[in-house]
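Here's the structure we're looking at; comments come further down.
Rule-based calculations on the coordinates, nothing more; no lab input. For clarity, every value in this text was computed on a predicted model and none was experimentally measured. Glycine gets a Cβ as well: all are built from the backbone with ideal geometry, and neighbour counts include every protein chain shown.
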Amino acid sequence: MKRYEFLKHTADVAVRVFGRSLKDLFGSAALAMFAVLLEKTKNRPGAALTEKEISVCGETSEDLLKAWLDELLFCYSVEHLVLVRIKSIEVAAQEMRAFVLFDAFNREYYAVRDEVKAVTYHELEVKKVRNRWQAHMIFDV
């Protein structure tokens, strides 16, 4: 099963993400956002990875998804950290928690694709379709 697909949009980047569970959906959304931000150009031998715990709260699944992506975008934009792997994700009714491994951004190993200015609420939707979850989101670039 594919994790995400990019959709046509006039000015920004629209993405549809998929997951067998909300946990998988949140992981797919994080991977999609970093695919917009960066391209890995080569492997980094012996990278010293940083583990971070990310916890967010929200009233709805859409609020949780946006807050999760906002936190990851902050890690990239302010702390210059690149998502390497999501160790675990727990999603409950109004909160989610994840443990994530990051690498320090280095132009020798990563090429910048687009600058994501914000994760928007515009057209943001999380829903269950048959036996899997999907979300639609737009990144302001």
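Things worth noting here:
- Tilt relative to the chain, helix 61-77 - C-alpha long axis, 0 to 90 degrees, to 10: 10
- Residues within the reach of a label modelled at K87 (point 7 angstrom out along Cα to beta-carbon, backbone nitrogen below 17 Å), restricted to region 28-67, are 47-56.
- If the segment from E108 to K8 were pulled out straight at 0.36 nm per residue, it would be longer than the present Cα-Cα gap by 32.9 nm.
- Qualifying GluC sites (Glu not before Pro) in region 1-86, where qualification requires a DSSP coil assignment and no more than 16 other C-beta atoms within 10 Å, comprise E59, E79.
- Of the trypsin sites (Lys or Arg not before Pro) found in region 61-141, those in coil by DSSP whose Cβ has at most 14 other Cβ atoms within 10 Å are R107, R113, K117, R130.
- Among (1) 51, 39, 30; (2) 42, 34, 28; (3) 44, 39, 28, the entry derived from the coordinates for Cα extents along the principal axes in Å: (2)
- Cα long-axis angle, helix 22-37 against the chain (0 to 90 degrees, to the nearest 10): 50
- Per-residue [θ]222 nm for the chain (sum of -39500 (n - 2.57) over DSSP H runs n ≥ 4, rounded to 500): -8000 deg cm²/dmol
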